[in-house]
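S.K.: Before we start, here is the structure in question, set down as structure tokens.
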Amino acid sequence: MTSPQNGRLMLLDTASMYFRAFYGVPEITGPDGTPVNAVRGLMDFISRLVDQYRPTDLVCCWDNDWRPQWRVDLLPSYKGHRVVEEVPTAPDVEEVPDPLQVQVPIILEVLAAFGIKVIGADGYEADDVIGTLATGAGQSVDIVTGDRDLFQLVDDDTDVRVLYIARGVGNHEQVTNEWVRTKYGIDARQYADFATMRGDASDGLPGVPGVGEKTAATLLNRFGDMDGIIAAAHDPDADLGPGPRGKIKAAADYLAVAPTVVAVARDIDLERGGWGLPRTPADPDAVAELAQRYGLESPTQRLLAVLSG
């Protein structure tokens, strides 16, 4: 296991958190009428998590492209239901409520003023940034997300866990390999193949028709991974019943591409380092100005107190 003396890196799935803040925090506006509930909520989420876990390093991972074309080329249905405008030369436009859309630039301004590192990569989602930074980090890693897809990154041997906020930041769960096995009957390293077979309507993944969570877990425990399951489906001597065998073979086209779509990238060329937890703001004047302009005095004071503690 990673030595604790190397510190703890906290990776935030930023969009997952500000969407949750937007829908979970009552509507609040700044002095000029600008909605700021997602900004305030995200700031308070960061304060709570940093105060609880005291990471030595902190990164807000960003969706430079929430629906990468290379994933769409493989599986056209990928997140297709969330597209409101297709853009040939840029990322498609995602369905985002207007009161949230106007807050995203403010969130970036606030993070920059505090000196909290933001990292994205063109052509990749925040999940891929998280996967790359968590792999070979050389320190303990906490991934904060409401996205189950990131369970595939959990690794007890290198002390990578997920702080799963689906039920709220204040009621989050610490996801380890034991947690995944108890919940789904598989190891975390098998989760991407599990999700591929089960499908996920929220991401436009149809899954293998007729294969639910129980069957997917049974197949993975028997054959190890997707390659093993596909090989078994084509091996008449394999311990695989005619029902599952037929379903896997019928889904051959989907299974040829979906594992690549579901797997989080772990090898993006990213600059590492320079993401230490800021004890003092990078731009105190900007912090003060933003707090006054948008009525963020209370969350600003809470975050300042936690970072300096």
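S.K.: What number of residues within segment 109-161 satisfy the criterion of being part of a helix (DSSP H, G or I) and under 17 Å from the mean Cα position of the chain (by Cα)?
M.R.: 15
S.K.: Go through segment 201-218 and count every residue that is more than 17 Å from Ala256 (Cα to Cα) and touching a helix residue (DSSP H, G or I) at 6+ places or on another chain (Cβ under 9 Å).
M.R.: Final tally of qualifying residues: 9.
S.K.: With the requirement that a residue be crowded, with 21+ Cβ neighbours inside 10 Å and touching an Asp or Glu at 6+ places or on another chain (Cβ under 9 Å), what does segment 165-189 give you?
M.R.: Ile165, Val169, Val180, Tyr184, Ile186, Ala188
S.K.: Turning to a different aspect of this structure: Would you pick out the residues in segment 36-56 that are surrounded by fewer than 21 Cβ atoms within 10 Å (Cβ to Cβ) and touching a strand residue (DSSP E or B) at 6+ places or on another chain (Cβ under 8 Å)?
M.R.: Of everything in segment 36-56, those that are surrounded by fewer than 21 Cβ atoms within 10 Å (Cβ to Cβ) and touching a strand residue (DSSP E or B) at 6+ places or on another chain (Cβ under 8 Å) turn out to be Val50, Tyr53, Arg54, Thr56.
S.K.: What are the residues in segment 249-299 that are aliphatic (A, V, I, L, M), closer than 24 Å to Leu150 by Cα and touching a residue at least 60 places away in the same chain (Cβ under 8 Å), if any?
M.R.: Hits for segment 249-299 are Val257, Ala258, Val261, Val262, Ala263, Val264, Ala265, Ile268, Leu270, Leu277.
Yes/no per residue for (1) under 21 Å from Thr56 (Cβ atoms); (2) out of contact with any Ser or Thr (no Cβ under 8 Å at 6 or more places or on another chain); (3) free of Cβ contacts under 8 Å to residues at least 12 places away in the same chain:
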residue: Asp98; (1), (2), (3): no, yes, yes
residue: Val102; (1), (2), (3): no, no, no
residue: Ala112; (1), (2), (3): yes, yes, no
residue: Ile119; (1), (2), (3): yes, yes, no
residue: Tyr124; (1), (2), (3): no, yes, no
residue: Thr132; (1), (2), (3): yes, yes, no
residue: Ala137; (1), (2), (3): yes, no, no
residue: Val141; (1), (2), (3): yes, no, no
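S.K.: Let me ask something else. I'd like the full set of residues that are over 18 Å from the mean Cα position of the chain (by Cα) and assigned to a strand (DSSP E or B), limited to segment 58-85.
M.R.: Passing the criteria: Val83, Val84, Glu85.
S.K.: Then there is this: Just for segment 162-193: of the residues that are in a loop (DSSP other than H, G, I, E, B), free of Cβ contacts under 8 Å to residues at least 60 places away in the same chain and within 17 Å of the chain's Cα centre (by Cα), which one is nearest to Arg8 (Cα to Cα)?
M.R.: Out of the qualifying residues, it is Thr176.
Every read-out reported here was derived from the displayed coordinates using simple, explicitly stated rules and does not represent laboratory data. Small disclaimer: the values here were computed from a predicted structure and weren't measured. Note: ideal-geometry Cβ built from the backbone for every residue, glycine included; neighbour counts use all protein chains shown.
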